[in-house]
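Chemist: What follows is a structure written as structure tokens; I'll ask about it next.
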Amino acid sequence: MVFAGSSSTRLWKLDESFPGKGYVNVGFGGSEIRDSTVAAPRLITPHRPKAVVLYAGDNDIASGRTPAQVAADFRAFVAAVRKDVPDCKVYFIAVKPSIARWNKQDVQAKANGLVKAACDADPKLGYVDVAPLMLGPDGRPLPELFVKDGLHMSPAGYARWTAAVAAALDR
């Protein structure tokens, strides 16, 4: 299993979250889905993964990509991975609502909806909806799930993601 995407992936301590699994982390900071697509032949497919878990889209939306572009970029990522590993399952972790990018939440939700629709249409795609897990009773991001910058996650945030991803992988 390969985990790819932006800094939220790069900072994830997979060996602690998924002990003994040997998952590979190829995330890199500041990346957008398109960056992971370009890097797939070099960073992802040489591992011949049975599955890839992707967290990206956050930086894409922050840089002005539209929900439709995020969904198209996700489809291109899937195609790039499957070019070399045709049976690979790809899981998309929903773009998380965060304190730092709360003003982008509506655009994130639209992008998540489009990506979820693509995942629902292909049995070899999975959608991990972490967005509701990041919100409190007031519907806003829970501060304890984030580090000081309000964008990257605390161990408590990663614990929620780990549970959600583990449940998706068990389906």
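Chemist: Can you pull out every residue in segment 38-56 that is in a helix (DSSP H, G or I), of a type outside the set (A, V, I, L, M, F, W, C) and within 11 Å of VAL85 (Cα to Cα)?
Modeler: Within segment 38-56, the subset in a helix (DSSP H, G or I) is 38-47.
Right, trim to of a type outside the set (A, V, I, L, M, F, W, C) and you get 41-42, 45-47.
Passing the criteria: PRO41, THR45, PRO46, HIS47.
Chemist: From (1) more than 18 Å from ALA131 (Cα to Cα); (2) buried (at least 21 other Cβ atoms within 10 Å of the Cβ), pick out the condition that doesn't hold for ALA68.
Modeler: All conditions are met except number (2).
Chemist: Taking TRP12 as meeting all but one of (1) of a type outside the set (Ser, Thr, Tyr); (2) under 18 Å from ARG160 (Cβ atoms); (3) at pLDDT below 95, write down the number of the exception.
Modeler: (3)
Chemist: For segment 79-96, enumerate the residues that are surrounded by fewer than 23 Cβ atoms within 10 Å (Cβ to Cβ), of a type in the set (A, V, I, L, M) and either on the phi > 0 side of the Ramachandran plot or part of a helix (DSSP H, G or I) (or both).
Modeler: ALA79, ALA80 - these are the residues of segment 79-96 that are surrounded by fewer than 23 Cβ atoms within 10 Å (Cβ to Cβ), of a type in the set (A, V, I, L, M) and either on the phi > 0 side of the Ramachandran plot or part of a helix (DSSP H, G or I) (or both).
Chemist: Kindly provide the set of residues from segment 112-171 that are assigned to a loop (DSSP other than H, G, I, E, B), surrounded by fewer than 11 Cβ atoms within 10 Å (Cβ to Cβ) and free of Cβ contacts under 8 Å to residues at least 12 places away in the same chain, ordered by number.
Modeler: Just the residues of segment 112-171 that are assigned to a loop (DSSP other than H, G, I, E, B), to begin with: 121-124, 129-130, 136-140, 142, 147-152, 154, 171.
Subsequent filtering for residues that are surrounded by fewer than 11 Cβ atoms within 10 Å (Cβ to Cβ) retains 121, 123, 137-139, 148-149, 171.
Across segment 112-171, the qualifying residues are ALA121, PRO123, PRO137, ASP138, GLY139, LYS148.
Chemist: Please pick out the residue among GLY30, GLY57 that is on the phi > 0 side of the Ramachandran plot, crowded, with 18+ Cβ neighbours inside 10 Å and touching a helix residue (DSSP H, G or I) at 6+ places or on another chain (Cβ under 8 Å). Let's see the steps before the verdict.
Modeler: Values: GLY30 fails: crowded, with 18+ Cβ neighbours inside 10 Å.
Just one listed residue meets the conditions, GLY57.
Chemist: Among the listed residues LYS83, LYS89, which satisfies the condition of being modelled with pLDDT of 95 or more, of a type in the set (Lys, Arg), farther than 19 Å from TRP161 by Cβ and out of contact with any Phe, Trp or Tyr (no Cβ under 9 Å at 6 or more places or on another chain)?
Modeler: On the way: LYS89 fails: farther than 19 Å from TRP161 by Cβ.
Just one listed residue meets the conditions, LYS83.
Chemist: Another question, then. Restricting attention to segment 10-37, report how many residues are touching a residue at least 24 places away in the same chain (Cβ under 8 Å), under 18 Å from ARG75 (Cα atoms), assigned to a helix (DSSP H, G or I) and not basic (Lys, Arg).
Modeler: 3
Chemist: So which of ALA121, ALA156 is among the aliphatic types (A, V, I, L, M) and either out of contact with any Asp or Glu (no Cβ under 7 Å at 6 or more places or on another chain) or more than 23 Å from LYS13 (Cβ to Cβ) (or both)? Even if it seems obvious, please write down each step before you answer.
Modeler: Numbers: ALA156 fails: either out of contact with any Asp or Glu (no Cβ under 7 Å at 6 or more places or on another chain) or more than 23 Å from LYS13 (Cβ to Cβ) (or both).
Selected residue: ALA121, the only one of ALA121, ALA156 that is among the aliphatic types (A, V, I, L, M) and either out of contact with any Asp or Glu (no Cβ under 7 Å at 6 or more places or on another chain) or more than 23 Å from LYS13 (Cβ to Cβ) (or both).
The values are calculated or read from the model by the stated rules, or taken from the named source; none is laboratory data. Nothing here was measured: the structure is a model prediction, and the numbers come from that model. Please note: Cβ atoms are built from the backbone with ideal geometry, for glycine as well, and neighbour counts cover all protein chains shown.
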